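Beneath this line is the structure, given in structure tokens, with notes to follow.
The values are calculated or read from the model by the stated rules, or taken from the named source; none is laboratory data. Note that the coordinates shown come from a computational prediction; the quantities given were computed from them, not determined experimentally. All Cβ positions, even for glycine, are placed from backbone atoms using ideal geometry, and neighbour counts span all protein chains on display.
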């Protein structure tokens, strides 16, 4: 896994898959059409780790939050997190993930989009959520798998994509992952 994301590690661990973490230090693209940005960042991460001499399957993933062409990244501070939550309040946004698998010089890619609708958030709810500090290091300033779930009224699509790893897209690109797991647990 070409990512230090604790959410991605947890998802892979919950699936019972054996993996190693190799964090890439590539410069990430930050602007452009969200699907293009997420796909490019996933590709960069996977290729960087594969280029370090890893001969196993390398998984690169990048997840971002977008409204239209506007990307809402990881807020650098509480003020930015407040602005992000205010913007997302009462509207639907896209959680876009790029996924890139590299092995033996071959690159396979997919993107996944999940629609997430926030409840209308009053200032006291925003204040409460900011005080949890859960927004730190999270695209869009929230974690749906934690206390951020109270901000959400509806999702359409892959829940695990919102958490940080689109498992259905991963298995479509590499169905052998689950066959290997099934063989180990049989």
- prompt: Residues in region 9-29 that are under 16 Å from residue 44 (Cβ atoms) and touching a residue at least 60 places away in the same chain (Cβ under 8 Å): how many?
  reply: 0
task: Within region 84-100, track down each residue that is more than 23 Å from residue 136 (Cβ to Cβ) and either surrounded by fewer than 22 Cβ atoms within 10 Å (Cβ to Cβ) or without any contact (Cβ under 8 Å) to a residue 60 or more places away in the chain (or both).
output: 90, 92
statement: By residue number, the members of region 111-134 that are within 25 Å of residue 60 (Cβ to Cβ) and buried (at least 18 other Cβ atoms within 10 Å of the Cβ) are 111, 112, 114, 116
query: Do we find that residue 22 is in contact with a strand residue (DSSP E or B) (Cβ under 6 Å, 6 or more places away or on another chain) and either closer than 21 Å to residue 168 by Cβ or surrounded by 17 or more Cβ atoms within 10 Å (Cβ to Cβ) (or both) in this structure?
result: no
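Before we move on, is residue 4 under 12 Å from the mean Cα position of the chain (by Cα), assigned to a loop (DSSP other than H, G, I, E, B) and farther than 15 Å from residue 166 by Cα?
yes
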message: Regarding region 117-128, can at least one residue be identified that is within 15 Å of residue 95 (Cα to Cα), outside any helix (DSSP H, G or I) and either under 11 Å from the mean Cα position of the chain (by Cα) or at pLDDT 95 or above (or both)?
response: yes
- prompt: Say we look at region 68-83 and pick out the residues that are in contact with a helix residue (DSSP H, G or I) (Cβ under 7 Å, 6 or more places away or on another chain) and outside any loop (DSSP other than H, G, I, E, B); which of these is surrounded by the most Cβ atoms within 10 Å (Cβ to Cβ)?
  reply: 81
field: Unique match (being assigned to a loop (DSSP other than H, G, I, E, B), within 30 Å of residue 131 (Cα to Cα) and more than 18 Å from the chain's Cα centre (by Cα)) among 90, 53
entry: 90
- prompt: Just to be sure, is residue 59 under 18 Å from residue 169 (Cβ atoms), in contact with a helix residue (DSSP H, G or I) (Cβ under 8 Å, 6 or more places away or on another chain) and outside any helix (DSSP H, G or I)?
  reply: yes
